[in-house]
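To start, the structure under review is shown below, and the notes come after it.
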Amino acid sequence: MTNAPLILIVEDDPKILAVLVVSLEAEGYRLQLTGNLRDALTQAQARQPDLVLLDLGLPDGDGLTLIPKLRSFSSAPILVLSARGREVDKIAALDLGADDFVAKPFFAGELHARMRAGLRRVRPVGTVVTFGEVSVDCENRSVRRSGEEVHMTPTEFKLLTTLIGNPGKVLTQRFLLNAVWGPQNLDQAQYLRVYMTQLRRKLEKDPARPTYLRTETGVGYRFTFDVI
Ligand code: CA
């Protein structure tokens with residue numbers, strides 16, 4: 001299984017580590033293990049893992065500090081293992097360049113799904129992105145649903161293309177507000193709510209239970225075509 005993805009696990013709790021090792025080895029992943037930040041950085045530089053699972057509370061410091069260091073040489077997805085309800089940590093991790101988070105205690109199925117989504121993630125390089133019955137032509141700035149043209153305002157289109165340009169990644173409210181409305185509007189969370197509602201009404205089968213344009217409660221939004 002030499003082609004299996006290499007996963008770097010940064011976790012100091014031996015019980016959690018044991019659970020991770022058993023469940024990820026069963027999935028066929030190759031694993032690198034470490035329980036502290038310094039060693040994590042050395043290992044990541046030496047072996048260039050395909051994905052990093054990162055605990056935040058580590059004996060030699062806060063896992064958040066590792067994220068920008070990893071990002072300086074690696075684009076591998078970083079999944080933060082965070083305590084449930086710590087939205088502040090999740091937002092900080094995402095803003096520093098993490099891709100996603102899994103709340104502890106986690107279900108193996110959910111963890112595996114998020115890891116697969118991260119590993120499969122390929123940023124769209126073509127000009128047309130298709131999901132379900134929707135296709136978005138980024139170059140000609142047109143959106144079709146079941147072949148019918150869907151009218152989009154420039155702001156709706158910008159929000160949509162920002163989301164679909166980062167498939168599977170959780171984007172914080174702050175990131176989206178900055179990308180679409182600019183740095184002077186970082187506290188205008190209501191803009192996002194209004195525009196997400198409009199996009200869902202135009203693109204989702206059931207706007208109240210969106211399949212593609214998901215809410216990450218208290219954190220932000222995620223575009224996905226994976227079942228998570
Ligand atoms: Ca810990």
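Coordinate-derived values only; no laboratory data. Note that the structure is predicted; figures quoted are calculated from it, not measured. Every residue, glycine as well, gets a Cβ built from its backbone with ideal geometry; the counts of neighbours run over all protein chains shown.
Some notes on this structure:
- Multiplying the residue separation of Thr215 and Arg193 by 0.36 nm and removing their Cα-Cα distance gives an extension gain of 6.9 nm.
- For segment 6-121, the percent of C-alpha pairs falling in each 10 Å distance bin, counted from 0 to the bin holding the largest distance, reads 14, 54, 31, 1.
- Förster radius 45 Å - calculated FRET efficiency between Asn36 and Val128, Cβ distance, rounded to 0.05: 0.50
- Helical mean residue ellipticity (222 nm; -39500 (n - 2.57) per DSSP H run of 4+; nearest 500) of the chain: -11500 deg cm²/dmol
- Segment 167-210 and segment 74-113 have their alpha-carbon centroids 20 Å apart.
- Residues whose amide H lies under 5 Å from that of Val102, counting only those 5 or more places away or on a different chain, are Val80, Leu81, Ser82; hydrogens are built 1.01 Å from N in the peptide plane.
- Counted residue by residue at 0.36 nm each, then reduced by the alpha carbon distance between them, the extension gain from Val150 to Glu87 reaches 19.2 nm.
- Checking every one of the GluC sites (Glu not before Pro) in segment 146-223 against DSSP loop status and a limit of 15 other Cβ atoms within 10 Å picks out no site at all.
- Remark on the chain: hydrodynamic radius 18.6 angstrom, per the Kirkwood mean of 1/r across alpha carbon pairs.
- Lys pairs, the chain - Cα-Cα below 23 angstrom, 8 or more residues apart or on other chains: 12
- 10 Å beta-carbon shell around Ile16, net charge (K/R +1, D/E -1): -2
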